[in-house]
1. Rounded to the nearest 20 debye, what is the charge dipole size of the chain about its Cα centre when +1 sits on each Lys and Arg Cβ and -1 on each Asp and Glu Cβ?
2. Do the sum for the chain: with -39,500 (n - 2.57) for every DSSP H run of n ≥ 4, divided by all residues, what is the mean residue ellipticity at 222 nm, to the nearest 500 deg cm²/dmol?
3. Could you work out how far helix 9-31 tilts from the main Cα principal axis of the chain, as a 0 to 90 degree angle to the nearest 10?
4. State, to one decimal in nm, how far the label point of MET169 lies from the label point of ALA92, with both points 7 Å from Cα in the Cβ direction.
5. Based on the alpha carbons, how large is the Rg to Rh ratio for the stretch 97-216 when Rh follows Kirkwood?
6. With a sphere of radius 11 Å drawn around the Cβ of LYS215, what net charge do the other residues whose Cβ falls strictly inside it have (Lys, Arg +1; Asp, Glu -1)?
7. Are there any chymotrypsin sites (Phe, Trp or Tyr not before Pro) in the stretch 40-138 that are in a DSSP loop and have at most 12 other Cβ atoms within 10 Å? List them by number.
8. Which Cys residues of the chain have no other Cys beta carbon under 4.7 Å away?
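Here, each number is a calculation from the coordinates, and none is a lab measurement. Since we're looking at a predicted model, the values are computed, not measured. Positions of Cβ are backbone-derived with ideal geometry, glycine not excepted, and every protein chain shown enters the neighbour counts.
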Amino acid sequence: MDTPAPPTWLDLYDWRARVAALYRERDAAWRADEEPPTVAARFRAAKDELFAGHPQSPFDEEARRGFRGLRYYAYDPAFCVEAALESEANEAVGAGPAGVALRRAGRLRFTLAGILLQLAVYWIDVYGGGLFCPFRDATGPAETYGGGRYLFDTVKGSAFLRLDAAAGMGYEGGRVLLDFNYAYNPSCAYDPRWACPLAPRENWLAQPIRAGEQKYHD
């Protein structure tokens with residue numbers, strides 16, 4: 001049996017382009033008023049296909065051969081909420097792997113189950129960095145990955161939906177749509193060879209968020 005070629009930087013570019021396309025398709029479907037559970041099911045199936053076959057999958061080749069799909073909570077519309085995104089000072093709040101700084105860029109304020117919550121949004125301070133929203137909630141580590149999950153990481157292609165029309169150049173924040181049914185695990189939840197930035201303590205939620213991806217390993 002021939003040994004497969006190792007993944008390349010062009011493979012990584014292709015992976016990120018495909019992930020970004022999944023989110024663009026999801027957002028277009030939302031705007032077209034498609035049924036959210038149908039949109040989520042299509043998104044999850046396409047993501048499983050990427051994880052199973054792409055050379056930049058978080059899984060190595062052996063794990064991909066045995067891959068049967070990621071584990072999710074059933075879609076629950078109660079976890080799709082409107083939030084206010086407010087700009088904040090560009091201060092460093094911590095460091096991810098290899099000392100990459102996380103700078104607080106904004107704050108999300110929203111209500112879940114009648115409880116007012118907030119999450120900080122960070123800028124990953126590297127060349128070409130993007131907005132990043134990790135969180136940890138009370139479902140971990142029993143039901144979800146104990147290190148927490150991500151709502152979005154724009155440098156990797158995942159994103160949030162802006163609800164306000166653009167009002168000129170720049171972006172001061174505004175109304176956005178947060179769907180925790182798309183919360184997903186960092187790569188280190190699948191394979192320990194990955195090093196991932198996790199949620200700073202200010203993004204630890206006392207409430208359980210039973211939506212999105214569950215932990216992959218028992």
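1. The calculation lands at about 200 debye.
2. -7000 deg cm²/dmol
3. 50 degrees
4. 3.0 nm
5. Working: Rg = 14.5 Å, Rh = 15.1 Å.
Value, to two decimals: 0.96.
6. Details: positive: ARG71, ARG149; negative: GLU143, GLU213, ASP218.
Net of charged neighbours comes to -1.
7. For chymotrypsin sites (Phe, Trp or Tyr not before Pro) across the stretch 40-138 that sit outside H, G, I, E and B with at most 12 neighbouring Cβ atoms in 10 Å, the list reads TYR127.
8. By the Cβ distance rule, which asks for a partner under 4.7 Å, the isolated cysteines are CYS80, CYS133.
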